[in-house]
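Notes for the one structure printed next.
The values are calculated or read from the model by the stated rules, or taken from the named source; none is laboratory data. For clarity, every value in this text was computed on a predicted model and none was experimentally measured. Virtual Cβ from ideal backbone geometry, glycine too; neighbours counted across all protein chains shown.
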Amino acid sequence: MSKHSATDWARIDALTDETIDTSDIPPLSDAFFARARLKVPRTPKVEVAIRVDSDVLDWFKAQGENWEQRANAALRIYAEAHLASGVPDHAA
């Protein structure tokens, strides 16, 4: 995560909803929303202590309030993707 971003963040920050070109994004249909499902965690949260790279932790904290929930969501997405693909837990 130490790579410098080439993104012009000042230009991005200056964009308004009206100036963003969304013409290549198809509209979401009623069928899309009919298939949508709310995913609520099925297990209670547990408090743990893990070691992570400081830049990873700094990035999550920089996302603002509720960064812990976003870190949990990222871990859940990773775990579910690997469970669905049949990749063994110890492979990395």
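Just to be sure I understand, how many residues within the range 16-40 are farther than 30 Å from His4 by Cβ and loosely packed, with under 10 Cβ neighbours inside 10 Å?
The number of residues fulfilling the criteria is 16.
Tally the residues that are modelled with pLDDT of 90 or more and either in contact with a helix residue (DSSP H, G or I) (Cβ under 7 Å, 6 or more places away or on another chain) or surrounded by fewer than 10 Cβ atoms within 10 Å (Cβ to Cβ) (or both), restricting the search to the range 67-92.
Within the range 67-92, residues that are modelled with pLDDT of 90 or more and either in contact with a helix residue (DSSP H, G or I) (Cβ under 7 Å, 6 or more places away or on another chain) or surrounded by fewer than 10 Cβ atoms within 10 Å (Cβ to Cβ) (or both) number 3.
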